[in-house]
Amino acid sequence: MREYKLVVLGSGGVGKSALTVQFVQGVFVEKYDPTIEDSYRKQVEIDSSQCMLEILDTAGTEQFTAMRDLYMKNGQGFLLVYSITSQSSFNDLAELREQILRVKDSDNVPIIVVGNKCDLEDERTVGKERGHSLARQWNCAFLETSAKAKLNVQEVFFDLVHQINSNSSADSGKKRKGGGGSGGGSSKCSAL
């Protein structure tokens with residue numbers, strides 16, 4: 001069974017843990033409890049193959065940034081999560097992506113931009129087109145999700161696995177093993 005190391009990154013309070021726990025355990029975590037670092041494992045079937053997803057739910061707070069290099073180095077795919085109700089969390093994604101590309105020493109890393117909390121439409125400060133535009137600029141996928149409404153939760157994790165798979169088949173002829181990503185592999189965006 002193939003294993004995939006997925007890393008969930010984003011500012012504090014954007015719903016990284018809520019997304020991860022909803023995907024792994026099928027429950028919505030209501031209260032905000034800042035994460036230092038949690039690791040989850042879930043066996044899933046993707047494209048008729050059994051896969052083990054190892055998901056690292058990371059700290060969004062600044063004091064744990066030193067740990068980032070290590071999990072960026074080991075991660076194969078990255079969910080860059082922002083809250084549609086927080087412009088600053090959206091702005092923080094560029095720095096995270098730059099750090100990933102630097103640590104991975106590649107411009108071709110599996111990434112999906114995730115606009116979370118789309119159930120809070122009346123509190124939206126980041127338009128959906130901004131997310132689409134950023135993903136196009138970075139040549140990666142984009143989806144809006146709601147951990148609370150269970151919307152596109154499974155899709156973001158499965159999409160990332162598809163990117164890793166298409167990337168590793170593209171990279172198999174190169175000397176670097178599993179280092180890059182399809183980036184734009186799937187540009188299916190949410191139609192919320």
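The values are calculated or read from the model by the stated rules, or taken from the named source; none is laboratory data. All of these numbers come straight from a predicted model, not from anything done at the bench. Quick reminder, even Gly has a Cβ in these numbers, built from the backbone with ideal geometry, and neighbours come from all protein chains shown. SASA here: full protein model, heavy atoms, side chains in, ligands and nucleic acids out. Shrake-Rupley method; radii C 1.70, N 1.55, O 1.52, S 1.80 Å.
Of the residues making up region 24-56, those that are hydrophobic (A, V, I, L, M, F, W, C), more than 21 Å from THR85 (Cβ to Cβ) and not in a strand (DSSP E or B) number 3. Considering ILE100, ILE55, ILE112, ILE84, the condition of being farther than 17 Å from VAL156 by Cα, in contact with a Leu (Cβ under 9 Å, 6 or more places away or on another chain), open to solvent by less than 10 Å² (accessible area, probe 1.4 Å) and of a type outside the set (Phe, Trp, Tyr) is satisfied by ILE100 alone. Of all residue pairs spaced 6 or more apart or on separate chains, those with beta-carbon atoms under 8 Å, a first member in region 119-144 that is over 14 Å from VAL14 (Cβ atoms) and assigned to a helix (DSSP H, G or I) and a second member that is acidic (Asp, Glu) and modelled with pLDDT of 95 or more are LYS128/GLU144. Within region 124-162, the residues that satisfy the criterion of being farther than 22 Å from PHE90 by Cα and not aliphatic (A, V, I, L, M) are PHE158, HIS162.
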